[in-house]
Structure formats: C-alpha cells, structure tokens
Amino acid sequence: MEFRARPEARSLAEAAALLGLQPSDIVKTLVVKRPSASSEDPQFLFALVPGGRLIAWPKLRAIVGVNKLRLPEPELAFVATGYERGTIVPIGSSTDWPMYADETIVGRRIAMGAGAHGYSLFTDADELIRAYGATVADISVPEKS
C-alpha cells in the first residue's frame with residue numbers, strides 16, 4: 001500500500017489525470033445500508049465500484065440476498081465508518097462490514113480514498129479483496145454519458 005497526497009480535483013477525469021491513472025483505476029468505497037431488525041442496529045456493507053460506474057442495485061440486492069438497499073445519509077455513513085464521504089476506505093474503518101467488490105477491479109492496482117481529504121491510497125485490488133474476504137461479483141453498470 002502507498003499513501004499519496006494529491007491536489008483537489010473537480011471531477012473524476014481530473015482526479016485520474018492528476019494521479020496519472022485511468023478513471024476506472026480510481027475505486028469508490030461506498031457504504032450501503034441494508035435492512036435491520038431495529039433502527040438502533042443498522043447494518044452496512046462496503047461496495048467497491050470503479051470510477052465511471054454506478055452500483056447496479058438489482059444485482060447487488062440479489063447477491064446480498066435482500067429486497068432493499070440504499071446509500072445512507074452522509075452523517076450515518078460517518079458514524080458507521082469513522083470517515084467522511086469522499087474519504088471512505090474499508091481499511092481502518094470503525095467497523096468491519098462485509099465487502100462486495102465489482103469484478104472489473106480484479107487484477108488491477110487501484111487508488112481509493114485514504115481516510116482524509118487530499119490523500120489517495122494505492123493498493124493491489126486482489127490483495128485488498130483477499131485481506132477482507134470480499135465477495136467479487138458483477139455489481140456495477142457504466143454511468144450514462
């Protein structure tokens with residue numbers, strides 16, 4: 001793993017250019033809320049989705065085995081992980097949630113949030129998947145132009 005300071009970017013394309021990467025090499029760590037027995041005990045998972053792609057909700061729901069999933073409010077994501085949106089990374093999260101990685105990141109060196117604004121974490125996707133026992137599946141679709 002490598003942590004690197006990076007300038008602020010206004011878009012995925014700009015961030016990729018600043019880091020010398022393709023947009024698909026920047027992976028978003030998304031916190032996803034799934035149904036729970038009570039509001040005091042919310043359950044979450046991490047979805048790793050490459051830049052330029054969105055979560056395919058029907059696919060992810062089928063793999064997780066639930067009828068409903070959603071992105072939580074920023075405050076709830078912060079409480080769940082200890083990180084602000086845009087900086088979320090599964091490494092060092094306050095809770096070890098299940099991880100689902102889009103199959104397109106397999107075999108790649110990726111950049112992702114590093115826990116603080118202005119930094120990126122570079123890692124081998126396969127090592128991350130292995131270390132966290134992530135489920136690898138087709139969970140994304142390309143963004144519409």
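A few points about this structure:
- Across segment 128-142, rounded Karplus estimates of 3J(HN,Hα) from the backbone phi angles (6.51 cos²θ - 1.76 cosθ + 1.60, θ = phi - 60°) give 4, 4, 5, 4, 9, x, 5, 7, 9, 7, 7, 10, 9, 9, x Hz, Gly and Pro being marked x.
- Amide H contacts of residue 99 (H built 1.01 Å from N, under 5 Å, at least 5 apart or other chain): 46, 135
- DSSP-defined beta bridges in the chain - what % are antiparallel, rounded to 5: 70
- Listed residues 114, 95, 141: farthest to the positive end of the dipole of segment 52-143 (Cβ charges): 141
- In segment 1-86, trypsin sites (Lys or Arg not before Pro) in a DSSP loop with at most 12 other beta-carbon atoms within 10 Å: 10, 68
- Each listed q (0.10, 0.17, 0.18 Å⁻¹) maps to a log10 I(q)/I(0) for the chain, found by the Debye formula over equal Cα scatterers with no solvent: -0.31, -0.94, -1.06.
- In the context of the full set of protein chains, the chain has a per residue accessible area of 53 Å² (1.4 Å probe).
- Loop GluC sites (Glu not before Pro), segment 24-104, which have at most 10 other Cβ atoms in a 10 Å radius of their Cβ (DSSP): 40
- Straight-line cross-link reach from residue 59 at under 17 Å between alpha-carbon atoms covers these aspartates and glutamates, not counting any fewer than eight positions away in the same chain: 102, 103, 138, 143.
- Surface share of carbon and sulfur [accessible, 1.4 angstrom probe, percent] for segment 9-128: 53
The values are calculated or read from the model by the stated rules, or taken from the named source; none is laboratory data. A quick note: this is a predicted structure, and the numbers were derived from the prediction, not measured. With ideal geometry, Cβ positions are generated from the backbone for all residues, glycine too; neighbour counts draw on all protein chains shown. To get the accessible areas, we keep the full protein, side chains included, count just its heavy atoms, and leave off ligands, DNA and RNA. Shrake-Rupley method; radii C 1.70, N 1.55, O 1.52, S 1.80 Å.
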